[in-house]
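Some notes on the structure that comes next.
Only the coordinates and a few stated rules stand behind these numbers; no lab work does. Keep in mind it's a predicted model, so treat the numbers as computed, not measured. Here the Cβ is made from the backbone with ideal geometry for all residues, glycine too, and neighbour counts use every protein chain on show.
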Amino acid sequence: MIKVTIDNIEVEVEPGTTILNAARKIGGDIVPPAMCYHSKLKGSGGKCRTCIVKVSQGSAKDPRPMPKPVASCSTPVQDGMVVQNITSPELLEARKGVVEMLLINHPLDCPICDQAGECDLQSLAYEHGVAKTRYEEPRRTFEKIDIGPHIQLHMTRCILCYRCVQTADQITDKRIHGVLGRGDTAEIGTYIKNAIDNDFSGNMIDVCPVGALTDKTFRFKSRVWYVDPLDAHRDCKKCSGKVVIWTHGKNEIYRITGRKDEFGEIQEFICDECRFEKKDIKDWVIEGPRTIERTSVISQNHYILKAPAHRINLNSVELVSKNLISEE
Ligand code: SF4
Ligand code: SF4
Ligand code: FES
C-alpha cells in the first residue's frame, strides 16, 4: 500500500490507484468533480478536465511539485504524494476556467432540459461558474437528431466526454456512433444517422453527464423533482433487472433508469426491455424509496426519502400515504 495526502487528509491505497479514486476513498467535499471518468467504463477519463488537482509534492522520493494542474482521474498516486483540491485557491480558479470553457457553446437550456436537477454540468456551473460569459463569437448549434426509437441527441448540450461511445463499445456489440470531426467541429454522430438499436442502447442516456442524450419516453413529461424514485427489480434474462422507477401520482411509471452510486455513476447497466417496455407498476417488485442526497433538488418535497432506505419500513403507512404503492 502507498500513502497519499489529499487536502491534508492521509489515505492508503493500492499502487496504481488514481488520485481521483484515492480521493473517493476519503470521500466528502475533497472529491474532485468528474464528468468524463466513469468507474464502469474502461479507458474513460482524461477528456473534460473538471477533475484537475494541484500536486504540490510529486512523491516522497522526488518532492518537486508538478508544474501544472493534472487530471486526477488519469494520474496515478505515488508514495508520499501531496495533493490539493479545495484547499488550493489557485486550483479552484483554474477549475473555474475549465467550467467557463465547457459553457462556451452550451445553451441556457436548464429550464427546459430533462437533465436539470441531476446534471453534473449544472452542479459544476453552480459551484464554480461565473454569472457572465466573456465569449462573443457565435455559438455552435445543432438540430436535434433521433437516434433510434428511444433516444434523442441534442448535440448542442454535449460536452464530448466520450462516455456514450465507450458504453456502446463496451456493453453492446453494435456501436454505430462515435465522435466525428476534430476540435471545434467535433460532434457525436452516427453515419447517415443510423438508428441505434441494440438491447443496451438506453445506457447511453444514463452515462451522459448532461442533457445531450435523452429518453424520448420521458422527454418533457415532468421535472425530476416532481417524480418519486423507487428502487425496484424484476426477473430479467438480459440484465440484473435492478432499476430505479420514477413514479408520478398513483403508480404511474414515468421513466426507468439504472441505479447510480454516490458519484452519479451507473452501478449496473440495464437492458432496454426493462428501461423502455416495463412501464406497468405490476411488472416490478418495489424495494422502497431511493436514497437521495439531501442537497439534491430531487429530494425536495420527498420528506420520506431523506432517511436511508434501510431505515424505512417498506410496509409503512408512509409509502401508502404518498401513493407510492397501492393500499391493496
Ligand atoms: S445539460 Fe445540464 S447545464 Fe446543460 S441545459 Fe441541461 S441541465 Fe442545464
Ligand atoms: S452525448 Fe453525452 S455521453 Fe455522449 S459524449 Fe456527449 S456529453 Fe458525453
Ligand atoms: S473526469 Fe478527469 S478529465 Fe474528465
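Among the chymotrypsin sites (Phe, Trp or Tyr not before Pro) within the range 81-144, those in coil by DSSP and having at most 13 neighbouring Cβ atoms inside 10 Å are Tyr135.
Beta bridges per DSSP, both residues in the chain: antiparallel share near 95 percent. With semi-axes defined as the square roots of five times the eigenvalues of the C-alpha gyration tensor, the equivalent ellipsoid of the range 77-236 measures 28, 21, 19 Å, largest first.
Of the GluC sites (Glu not before Pro) found in the range 109-140, the ones in coil according to DSSP and having at most 12 other Cβ atoms within 10 Å of their Cβ are Glu136. Overall, the anisotropy analysis places the range 140-215 in the rounded class: the square-rooted eigenvalues a ≥ b ≥ c of its C-alpha gyration tensor yield a/c less than 1.5. Sorted largest first, the principal axis extents computed over the alpha-carbon atoms of the range 1-108 equal 45, 31, 23 Å.
Ordering Pro149, Gln170, Ile159 by Cα displacement along the dipole of the range 140-215 toward the positive end leaves Ile159 in first place; charges were set at the Cβ atoms of Lys, Arg (+1) and Asp, Glu (-1). If you average the C-alpha positions of the range 205-226 and of the range 88-167 separately, how far apart do those two centres end up, in angstrom? After rounding, the separation between the Cα centres reads 14 Å. Note: relative contact order over the range 140-215, using C-alpha pairs below 8 Å and six or more positions apart, is 40 percent. Among the chymotrypsin sites (Phe, Trp or Tyr not before Pro) within the range 145-254, those in coil by DSSP and having at most 11 neighbouring Cβ atoms inside 10 Å are Phe220. Adding -39500 (n - 2.57) for every DSSP H run of four residues or longer, then dividing by how many residues the chain holds, sets the calculated 222 nm ellipticity at -4500 deg cm²/dmol.
The value obtained for the chain, namely the Cα convex hull volume divided by the number of residues, is 152 Å³ per residue.
Please give the contour-minus-distance gain from Tyr126 to Asp199: 0.36 nm per residue of separation, less the Cα-Cα distance, rounded to one decimal in nm.
22.7 nm
Our summary gives the range 36-154 a relative contact order of 18 percent, counting only alpha carbon pairs under 8 angstrom and 6 or more residues apart.
Normalising the average separation of contacting C-alpha pairs (under 8 angstrom, six or more residues apart) by the number of residues puts the relative contact order of the chain at 13 percent.
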